[in-house]
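Trainee: Below you'll find the structure I mean.
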Amino acid sequence: MKKLSVLLIALPMLVFGCKEKFQSEITLPRVISEGMVLQRDQPISVWGKGIPGENVRVSIAGVMSSTEVESDSTWIVGLPSVSAGGPHIMKVNQTEVKDVYFGDVWLAGGQSNMEWPLKSGVIGADAEYKDGGNPKIRFFKVPRIYAAVKKSDIPEGEWKVADSINMPDFSAVAWFFAKRNALEKDVPVGIIESNWGGTPAEGWTDAEILAEMEGMSFLEEALDMVENQEKWDKEFQANDKRREMRDIMVHHPDSATAREVSSVDYSDSQWSKINLPSANPLSDIAWVRKSFQLASTEDVTLIFPSIDQMAFIYINGELVHHKDWGTTMPEVSVSSDLLFEGKNVITIRAINTWNNKPVIGSKDEMYLLQAGKKIALEGTWSYSNAIVEPKLPEVTWQNWKPGAMYNAMIYPLKDYGIKGVIWYQGESNAGRAGEYKELFETMITNWRTIWDLPEMPFLFVQLANFMERVDIQPDSQWAFLREAQTETLELPKTGMSVIIDIGEAEDIHPRNKKDVGERLWLQARKVAFNEKVTASGPIIKEVSKTGATVTLNYVSIGDGLQLIVEGDVKGFILKNEAGKWILAEGKIVGKDQIQIKLPDGFNPVEIRYAWADNPEVNLINSEGLPAQPFRMELE
């Protein structure tokens with residue numbers, strides 16, 4: 001009994017002693033925070049900073065592990081895998097992280113077409129809001145930052161639940177992808193958005209690796225970034241200060257100044273004249289004014305859909321609409337209380353932070369509508385680039401530099417477990433298609449290395465059709481970039497979604513993001529979840545020529561080749577030995593074959609399909625997926 005008593009006394013002391021060991025304060029990275037989704041069925045890493053030599057213990061969902069803080073104040077704890085579910089509470093020493101789920105986590109990377117939010121005119125967005133979202137889908141938006149040296153954390157960000165309040169700001173492509181993932185796998189889904197409009201692939205790749213890629217257009221810059229990190233660190237900080245000042249100037253117009261400048265009585269005699277929409281000498285914070293006459297103040301609507309990028313629109317001194325970046329300009333109903341019989345004035349304050357060249361108006365699309373009659377606003381306007389407000393500070397796109405976004409927006413995430421990557425980028429590399437395959441493969445391998453996932457699923461979108469339609473365009477840079485993207489499929493565990501059928505000629509940001517997200521999900525089912533599904537449209541297998549007939553055989557046809565509308569197969573061009581190109585049409589023969597009848601005397605040596613910036617195409621498979629562009633030589 002005496003020995004037992006000693007044991008009973010010692011046991012509480014032991015428990016108390018263990019508790020004391022894990023009392024020290026810790027800090028966690030931004031991404032490990034309330035509402036997060038952790039990758040299911042995969043070992044978990046939790047990391048942060050603490051007091052050197054102190055102990056850190058992490059527990060969640062019945063699993064636990066601990067470690068000691070390193071001399072540099074960092075620590076990382078590995079935990080075994082956990083199946084899908086939640087909510088859980090993660091405890092790190094005495095810190096609690098609540099509302100944590102396990103499910104599938106994807107990083108959504110790229111440029112503006114991945115960044116493009118649901119609220120920016122996306123087809124079907126209102127129906128998504130009405131459905132109320134999904135509380136088990138969460139998004140984490142990495143802020144737009146860049147750095148000359150690798151960062152250990154990001155400065156801000158939080159996990160947000162996919163509800164009707166938050167959804168408008170989510171990446172539309174990523175939302176439609178996540179929605180399918182959650183529905184079909186019945187698991188929570190986390191999306192980490194790390195994207196930035198207009199950015200090239202080298203900005204998302206480690207500069208130390210890029211500096212070893214001989215013959216690349218970015219080699220000199222990459223070497224400079226590696227060899228002069230301190231110089232670029234200072235320049236980046238200075239550029240950021242200029243950007244912060246610019247953003248304050250852009251987003252916060254002085255209300256008294258705006259009211260005065262936009263009033264009917266303001267004298268703009270010191271301003272210059274401009275003919276809108278034909279001329280565009282605008283820059284910085286541009287102000288434009290024009291008077292118009294009204295016989296009545298009732299039932300007036302402003303029709304002015306084309307303003308790039310941001311604008312504050314005033315009528316007779318009162319703000320009637322603020323157009324932000326990425327939003328569409330609606331029809332604006334103007335209250336009769338703001339209008340006068342006789343002379344009125346419309347004033348626009350326009351800014352374009354992309355290239356510092358605001359664009360206002362387009363032909364036949366700038367007028368007031370009253371009782372079915374148009375009051376034209378085209379013609380002479382007064383304008384000022386620097387009289388009302390000073391010129392903007394010069395801000396350069398330093399984030400485009402090799403490795404700059406990788407250091408700040410990718411590297412800090414490397415220990416956060418993910419299922420894979422969805423990627424939509426390439427527009428900013430379209431003029432350098434010859435180097436894109438090697439660059440893109442290098443970037444993918446770079447990411448897989450830092451995540452320590454050699455076959456991490458990497459799913460990407462091929463460039464959409466865009467710009468003016470030209471039937472025969474063998475020199476199309478967009479077509480060559482698409483080919484480089486296709487060649488990247490040589491890497492294992494990659495998948496490509498073709499969207500050559502849903503682009504828009506006049507807009508680099510097609511508003512049909514639902515099909516993009518769902519086609520990426522098809523690739524995920526095949527590549528990441530190993531399902532036997534038809535995830536791609538028709539893919540050319542072989543081409544042969546017999547006499548006056550060219551025969552094409554396809555795979556990935558589902559139940560067979562089909563056309564969007566009945567008729568001939570469009571989108572082929574052929575070249576003969578003399579270098580002459582002709583447009584050609586084919587006919588579907590059987591389930592997997594197309595035949596093209598050649599004109600008399602024309603002997604082709606090469607055939608291409610969907611080879612133009614904006615080709616006319618109509619070939620799909622039974623799943624409704626468009627055929628993949630290609631070029632092949634003919635023997």
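The values are calculated or read from the model by the stated rules, or taken from the named source; none is laboratory data. Remember, predicted model here, so these are calculated numbers, not experimental data. Backbone-built Cβ (ideal geometry, glycine too); neighbour counts: all protein chains shown. Heavy atoms of the whole protein, side chains included, go into the accessibility calculation; ligands, DNA and RNA do not. Shrake-Rupley method; radii C 1.70, N 1.55, O 1.52, S 1.80 Å.
Trainee: If you take the residues of the stretch 481-520 that are free of Cβ contacts under 8 Å to residues at least 60 places away in the same chain and among the small types (Gly, Ala, Ser), which of them is farthest from TRP116 (Cα to Cα)?
Mentor: ALA484
Trainee: Taking the criterion of being of a type outside the set (A, V, I, L, M, F, W, C) and in contact with an Asp or Glu (Cβ under 6 Å, 6 or more places away or on another chain), would at least one residue in the stretch 57-66 satisfy it?
Mentor: No, that holds for no residue.
Trainee: Quick check on LEU223: is it open to solvent by 10 Å² or more (accessible area, probe 1.4 Å), within 30 Å of ARG40 (Cβ to Cβ) and part of a helix (DSSP H, G or I)?
Mentor: no
Trainee: Right, next: Just to verify a result, which residue in the stretch 524-555, among those that are of a type in the set (S, T, N, Q) and open to solvent by 50 Å² or more (accessible area, probe 1.4 Å), is nearest to VAL105 (Cα to Cα)?
Mentor: ASN530
Trainee: Looking only at the stretch 127-144, how many residues end up being open to solvent by 10 Å² or more (accessible area, probe 1.4 Å), assigned to a loop (DSSP other than H, G, I, E, B) and closer than 23 Å to ILE410 by Cβ?
Mentor: 2
Trainee: Check off (1) open to solvent by 60 Å² or more (accessible area, probe 1.4 Å); (2) at pLDDT below 95; (3) within 32 Å of the chain's Cα centre (by Cα) for PRO253 and give me the number that stays unchecked.
Mentor: Condition (1) is where PRO253 drops out.
Trainee: Still on this structure: Which of (1) in contact with an Asp or Glu (Cβ under 7 Å, 6 or more places away or on another chain); (2) open to solvent by 80 Å² or more (accessible area, probe 1.4 Å); (3) of a type outside the set (Lys, Arg) does GLU158 not meet, given it meets every other one?
Mentor: It is condition (1) that GLU158 fails.
Trainee: Now for a different question. Since LEU463 meets every condition but one in (1) closer than 21 Å to ALA125 by Cα; (2) under 16 Å from the mean Cα position of the chain (by Cα), which condition does it not meet?
Mentor: (1)
Trainee: Of (1) open to solvent by less than 50 Å² (accessible area, probe 1.4 Å); (2) of a type in the set (Asp, Glu); (3) assigned to a loop (DSSP other than H, G, I, E, B), GLU193 satisfies all except one. Which?
Mentor: GLU193 satisfies every listed condition except (3).
Trainee: As an exercise: evaluate LEU489 against (1) in contact with a Gly (Cβ under 9 Å, 6 or more places away or on another chain); (2) crowded, with 21+ Cβ neighbours inside 10 Å and give the number of the one condition it does not meet.
Mentor: (2)
Trainee: Moving on. Could you run through the stretch 199-220 and say how many residues are surrounded by fewer than 21 Cβ atoms within 10 Å (Cβ to Cβ) and of a type in the set (D, E, K, R)?
Mentor: Going through the stretch 199-220 one residue at a time, the tally reaches 4.
Trainee: Continuing with the same structure: Where in the stretch 256-335 are the strands (runs of 3 or more DSSP E), entirely inside, with at least 3 residues that are buried (at least 17 other Cβ atoms within 10 Å of the Cβ) and touching an Asp or Glu at 6+ places or on another chain (Cβ under 9 Å)?
Mentor: Ranges flagged: 286-294.
Trainee: Would you say GLU504 is at pLDDT 95 or above, among the charged types (D, E, K, R) and surrounded by 15 or more Cβ atoms within 10 Å (Cβ to Cβ)?
Mentor: Criteria met by GLU504.
Trainee: Search the stretch 521-535 for residues that are in a loop (DSSP other than H, G, I, E, B) and pair each with any residue that is of a type in the set (A, V, I, L, M, F, W, C) when their beta-carbon atoms are under 7 Å apart and the residues are at least 6 apart or on different chains.
Mentor: VAL533/LEU522; ALA535/LEU522
Trainee: Could you please find all residues in the stretch 433-448 being in contact (Cβ under 8 Å) with a residue 60 or more places away in the chain and not β-branched (Val, Ile, Thr)?
Mentor: If the condition is that a residue be in contact (Cβ under 8 Å) with a residue 60 or more places away in the chain and not β-branched (Val, Ile, Thr), then GLU435, TYR436, GLU438, LEU439, PHE440, MET443, ASN446 are the ones that fit.
Trainee: What are the residues in the stretch 94-113 that are open to solvent by 10 Å² or more (accessible area, probe 1.4 Å) and of a type in the set (Phe, Trp, Tyr), if any?
Mentor: TYR101
Trainee: Right, something else. Regarding PHE480, is this residue within 26 Å of the chain's Cα centre (by Cα), among the aromatic types (Phe, Trp, Tyr), surrounded by fewer than 22 Cβ atoms within 10 Å (Cβ to Cβ) and assigned to a loop (DSSP other than H, G, I, E, B)?
Mentor: no
Trainee: Could you count how many residues in the stretch 145-179 are in contact with a helix residue (DSSP H, G or I) (Cβ under 7 Å, 6 or more places away or on another chain) and assigned to a loop (DSSP other than H, G, I, E, B)?
Mentor: So the count comes out to 11.
Trainee: List every residue pair whose Cβ atoms lie under 7 Å apart, where the two residues are 6 or more positions apart in sequence or sit on different chains, the first residue falls within the stretch 385-405 and is within 25 Å of LEU223 (Cβ to Cβ) and of a type in the set (Val, Ile, Thr), and the second residue, located anywhere, is open to solvent by less than 20 Å² (accessible area, probe 1.4 Å) and part of a helix (DSSP H, G or I).
Mentor: VAL395/ASN239; THR396/ASN239
Trainee: What number of residues in the stretch 68-112 are within 17 Å of PRO412 (Cα to Cα) and without any contact (Cβ under 8 Å) to a residue 12 or more places away in the chain?
Mentor: 0
Trainee: Find the strands (runs of 3 or more DSSP E) located wholly in the stretch 339-411 whose residues include 2 or more that are in contact with a Phe, Trp or Tyr (Cβ under 7 Å, 6 or more places away or on another chain), and list them.
Mentor: Here the list reads 342-351, 373-376, 379-384.
Trainee: Of the conditions (1) over 30 Å from MET225 (Cα atoms); (2) among the small types (Gly, Ala, Ser); (3) open to solvent by 10 Å² or more (accessible area, probe 1.4 Å), SER382 satisfies every one except a single condition; which number is it?
Mentor: Against the list (1) over 30 Å from MET225 (Cα atoms); (2) among the small types (Gly, Ala, Ser); (3) open to solvent by 10 Å² or more (accessible area, probe 1.4 Å), SER382 comes up short only on (3).
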